[in-house]
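Trainee: Starting off with a structure, shown below.
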Amino acid sequence: MDVRSSPIAGRWYPGNAADLRRMLAAQLNEASTAAVPGEVLALLAPHAGLMYSGPVAAHAFKVLSGRTVDTVIILCPSHFHADGALITSGHSAYRTPLGEVAVDQAMLGRLRARLAAALAVAEARALVSIRQDQEHAIEIELPFLQTVLAGEFALVPIMLRDQSARTAHALGRALAESVRDRRALIVASSDLAHYCPQAVAERLDAEMLRQVEALDPTGVLQTQAEARGFACGHGAIAAALWAAQALGAKNARLVRHATSGEVSGDYVSVVGYGAAVIWK
């Protein structure tokens, strides 16, 4: 297979499978088990190094324990690449120390066609494929998914360089149309407030997470635009909410919030992390 090698294993999380499994097991064991009375459609999970964000992300991923999913769509901001408004992988699989995850190129083809129609652009521009990307915000979620889900799943990785309402809405609707015949899960990969004092981060994060719990993608984007809250993946969160709503989502719950200060001890300049579950 044409496999994307990891640029972050051994740095953002343990590069050894046994060490990685121990870290994930400890974080999942410490996470609370949230009862979700319905089908989980989407998650919000942070994407810092697992030492920092893993204890928060574990609360969302633990909800999936033992569940079977055909396709996982991970949406994130594009931190490094500007090849297009929406970017995906040209590889056939991602590799982590826990094994390989196949990229669903057939699903990406269907999604690309729907996006081209919605955005009135050529298919080649609607969803641009790149190789050997350096993006951490997709890969960092994979070890949790490989651990908690029962069986294999296919991956649809999407990086948003353009996080505007127009693009996020088109992506959300196209995703919903593309996965209706599958057991699918959407993961919005985003951190929250960046490098501010703990009290400021708590205020900003509370406002942004209120919009998530209200299932309000427009509210997410307005909160970002008005600087009442912050999420580096605000467009990814909005797209996930629009997709989940189109698939029948009626409920969202924050399951954990923390900041990097709880790990580093530095509360002067923190990054916020939130984990939420969305279901119908």
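Trainee: For the range 115-132, what are the residues that are in contact with a helix residue (DSSP H, G or I) (Cβ under 9 Å, 6 or more places away or on another chain) and assigned to a loop (DSSP other than H, G, I, E, B)?
Mentor: Initially, the range 115-132 is screened for residues in contact with a helix residue (DSSP H, G or I) (Cβ under 9 Å, 6 or more places away or on another chain), giving 115-119, 121-127, 129.
Listed by number, the residues that qualify are Val121, Ala122, Leu127.
Trainee: Under 7 Å between Cβ atoms, which residue pairs at least 6 apart in sequence (or on different chains) link something in the range 162-188 that is under 21 Å from Gly109 (Cβ atoms) with a partner that is in a loop (DSSP other than H, G, I, E, B) and of a type in the set (A, V, I, L, M)?
Mentor: Qualifying pairs under 7 Å: Asp162/Ala85; Thr167/Ala85; Ala176/Leu247; Arg183/Val69; Ala184/Val69; Leu185/Val69.
Trainee: Has the range 153-169 got at least one residue that is basic (Lys, Arg) and either buried (at least 21 other Cβ atoms within 10 Å of the Cβ) or farther than 17 Å from His81 by Cβ (or both)?
Mentor: yes
Trainee: Looking at the range 205-226, is at least one residue small (Gly, Ala, Ser) and under 13 Å from the mean Cα position of the chain (by Cα)?
Mentor: No, the range 205-226 contains no residue that is small (Gly, Ala, Ser) and under 13 Å from the mean Cα position of the chain (by Cα).
Trainee: Continuing with this model, one more query. Quick one: how many residues across the range 59-85 are touching an Asp or Glu at 6+ places or on another chain (Cβ under 7 Å) and of a type in the set (A, V, I, L, M)?
Mentor: 2
Trainee: Name every residue in the range 1-24 that is of a type outside the set (D, E, K, R), farther than 22 Å from Ser190 by Cα and free of Cβ contacts under 8 Å to residues at least 24 places away in the same chain, in order of residue number.
Mentor: Ala18
Trainee: Would you pick out the residues in the range 106-116 that are crowded, with 17+ Cβ neighbours inside 10 Å and in contact (Cβ under 8 Å) with a residue 12 or more places away in the chain?
Mentor: Met107, Leu108, Leu111, Arg112, Arg114, Leu115
Trainee: To continue, here is another question. May I ask you to list the residues in the range 96-114 that are of a type in the set (A, V, I, L, M, F, W, C) and either within 17 Å of His169 (Cα to Cα) or part of a helix (DSSP H, G or I) (or both)?
Mentor: Selection gives Ala106, Met107, Leu108, Leu111, Ala113.
Trainee: Ok, one more. Scanning the range 227-264 for residues that are more than 15 Å from the chain's Cα centre (by Cα) and part of a helix (DSSP H, G or I), which turns out nearest to Val179 (Cα to Cα)?
Mentor: Ala246
Trainee: Can you confirm whether Thr218 is part of a helix (DSSP H, G or I), of a type in the set (Ser, Thr, Tyr) and either surrounded by fewer than 22 Cβ atoms within 10 Å (Cβ to Cβ) or modelled with pLDDT under 95 (or both)?
Mentor: Values: part of a helix (DSSP H, G or I): yes; of a type in the set (Ser, Thr, Tyr): yes; either surrounded by fewer than 22 Cβ atoms within 10 Å (Cβ to Cβ) or modelled with pLDDT under 95 (or both): yes.
Answer is yes for this residue.
Trainee: Still on this model: Any idea which of Ala31, Ala58, Ala35, Ala85 is within 18 Å of the chain's Cα centre (by Cα), over 23 Å from Ala170 (Cβ atoms) and of a type outside the set (Phe, Trp, Tyr)?
Mentor: Just a single option satisfies the conditions, and that option is Ala58.
Trainee: Mind checking which pairs have a first residue in the range 26-38 that is surrounded by 13 or more Cβ atoms within 10 Å (Cβ to Cβ) and a second that is in a loop (DSSP other than H, G, I, E, B) and among the polar types (S, T, N, Q), Cβ under 8 Å, 6 or more apart or different chains?
Mentor: Qualifying pairs under 8 Å: Leu28/Ser65.
Trainee: What residue, of Gly84, Gly66, is in contact (Cβ under 8 Å) with a residue 12 or more places away in the chain, within 23 Å of Arg183 (Cα to Cα), assigned to a loop (DSSP other than H, G, I, E, B) and out of contact with any Cys (no Cβ under 8 Å at 6 or more places or on another chain)?
Mentor: Gly66
Trainee: Can you name the strands (runs of 3 or more DSSP E) wholly within the range 151-200 that have at least 3 residues being among the charged types (D, E, K, R), under 17 Å from the mean Cα position of the chain (by Cα) and closer than 18 Å to Thr88 by Cα?
Mentor: Result: empty, no element qualifies.
Trainee: Further question on the same structure: Could you tell me how many of the residues in the range 150-170 are more than 17 Å from Cys232 (Cα to Cα) and among the aliphatic types (A, V, I, L, M)?
Mentor: 5
Trainee: Output the number of the condition that Ser32 fails; it satisfies all remaining conditions of (1) in a helix (DSSP H, G or I); (2) at pLDDT below 95.
Mentor: For Ser32, the failing item is (1).
The values are calculated or read from the model by the stated rules, or taken from the named source; none is laboratory data. Predicted model, so just to flag it, every value in this text is computed and none were measured. A quick note on method: Cβ atoms are made from the backbone with ideal geometry, for glycine too, and the neighbour counts reach across all protein chains shown.
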